[in-house]
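Have a look at the structure below, then the notes.
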Amino acid sequence: MWPSQPPVPFNSVELWEFLFLPSDGRGAMADATADSLRAEIEATKQQVQAERAKGHELRKEMVQAEERQRLRRELDKQRKTLAEEQDTNQWRTQYRRDVDEDRSGPAPRLLAQSSARRETLLIDRFDGETTNCSHRVAKGEYIWKITSMSWVRSMLEQEDLNYVQSKIFQVGGQDFEFAYNPDGGGRIALRYRIFVKVRGGDFVQWGETSTEVLEDEHGCKAFGPDVHDGSSDPAKMGIFGLTHEELLRSEWVEGDILTVKFVLEVRLEGDCESRPLSQGIDIPGPTMSQDNRALWEKGTCSDVEFVVQGYSIQAHSPVLCARSEVFQKQLTVGMQESMSKVVVIEDCDPATFRAFLQFLYTDTFPILTELMAQRLSPCEKTEGFSRIARLQALLAVSHKYEVTRLLRWCESQLCDQLSNSEVSGILCQAHLLEARHLEKACLAFIKEHMLDVIKLPAFAELMRQWPDIMLRIGLFSAGVPDMEAAAALDTFKGNQQTDHKRKREESE
């Protein structure tokens, strides 16, 4: 039933406001009058007009900013043109002086002499030049290692990335970076070569030496043997034509690490350089290294014999004394070897000692790389030798004769070839020889692979025989600074010596 006075009906808008506005909003709307609402509408309209006027002014300012930017670029071009004109005029001024002094020009004074005199002078006159287009070439090398190669594809998928990239490095003022994609993938003139390190060996070039010329406006651009623009595929995709999975199983990935090297030559802007042809004499390169190696291999005028585990090797005492203070004392200070000129070596195998001597004569590493890359002989296999064992033997002999350059090279090579099975033995040797760089690398490797290393017999043997090394591992893993760790080790060794002395006294 309806009441005597039916309620006043309300429209749909009022119903929506009633149903969905919060209670305080319903109260405010209910209290607002039509006049106040009209006033608020007018005020909002004025704000809209103000914002539109502001937007119009901002659009004009944007156009003005773009014009200023265009003018700045135009100014840059004019400044560059000015510098070029100034350089050209400077050359013209010098040329004018040379012509005035008959040093240059179409008719120099040389040609104005009498016929007899001219005939003599023409023989000695300058008649050519050498133009060098590479005198403004900056050269650089950059080595990049990707560790944990087997995780690359998973990491890229997890992080939604296409490739792994190195930090930016510069050559000739230009920015470069390495990028590895497991699926292949002013004016600046550059020439580049890409090398990949083979397992246990040296770097091998991947692809041809390539030259590129591009405009500054090109910005970021990719180069490489398998880089393509999508219109046509290269002959081979991937490093040496290998897929990512094949690469992981190949000789190019060692210990789950891929090592690549980028050799760059970037030509800076500038004209070529010309010099008189008489100055362009072709001077042969140095041959001392090859000559010294040949002298040693032929044994000409040798006066020292090394007997290495029964194997005779000839050498020259002046070279040995110049390269090692230990040899100098051994061969010149009244020791037995200085009289007999025969040195018996029992703690090094013949192949390693030959490589050591070749380094002393040549001061180069390629022969050492060849030794490391050689296949193991049947004798070495039966004696438990390995390529790492060869490096360790070379490290020991270079330490014995205090050849620091070779010692550091061996440390560097061993740092690159650490593995779970070898790290304990290498750490022990590094500790005994005080090879600090190698020792730190071993400690860092053990810290990173602790769960795998501690399960191996070599680590158990390290624990049993070398408690001071175990203390070093613990201090390093705990992040103790080097100075504090050294003090703790000195204290530990002092206590050990005291205990040993006390035990000897008690046994006596």
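The values are calculated or read from the model by the stated rules, or taken from the named source; none is laboratory data. Only a predicted model underlies this, so the values are computations on that prediction, with no experimental measurement involved. As a convention, Cβ positions derive from the backbone with ideal geometry for all residues, glycine included, and neighbour counts pool all protein chains shown.
Mind checking which residues of segment 450-476 are under 11 Å from residue 424 (Cβ atoms) and of a type outside the set (A, V, I, L, M)?
457, 459, 461, 465, 466
Can you tell me which of (1) modelled with pLDDT under 90; (2) farther than 24 Å from residue 291 by Cβ is the one residue 341 doesn't meet?
(2)
Can you go through 477, 424 and tell me which one is surrounded by fewer than 16 Cβ atoms within 10 Å (Cβ to Cβ) and in the same structural domain as residue 328 (by TED's automatic domain parsing)?
Exactly one residue qualifies, and that residue is 477.
Identify, from the list 450, 483, the residue that is over 26 Å from residue 348 (Cβ atoms), assigned by TED's automatic domain parsing to the domain that holds residue 320, hydrophobic (A, V, I, L, M, F, W, C) and modelled with pLDDT of 90 or more. Give the derivation first.
Values: 483 fails: modelled with pLDDT of 90 or more.
The conditions single out 450.
Confirm whether residue 440 is surrounded by fewer than 18 Cβ atoms within 10 Å (Cβ to Cβ), outside any helix (DSSP H, G or I) and either modelled with pLDDT of 90 or more or not assigned by TED's automatic domain parsing to the domain that holds residue 366 (or both).
The answer is no for residue 440.
Residue 452 is checked against (1) part of a helix (DSSP H, G or I); (2) touching a Phe, Trp or Tyr at 6+ places or on another chain (Cβ under 9 Å) and fails just one. What number does that condition carry?
So residue 452 meets the others, but not (2).
Which of the residues belonging to segment 395-428 are part of a helix (DSSP H, G or I) and either closer than 20 Å to residue 448 by Cβ or modelled with pLDDT under 90 (or both)?
Matches in segment 395-428: 411, 412, 413, 414, 415, 423, 424, 425, 426, 427, 428.
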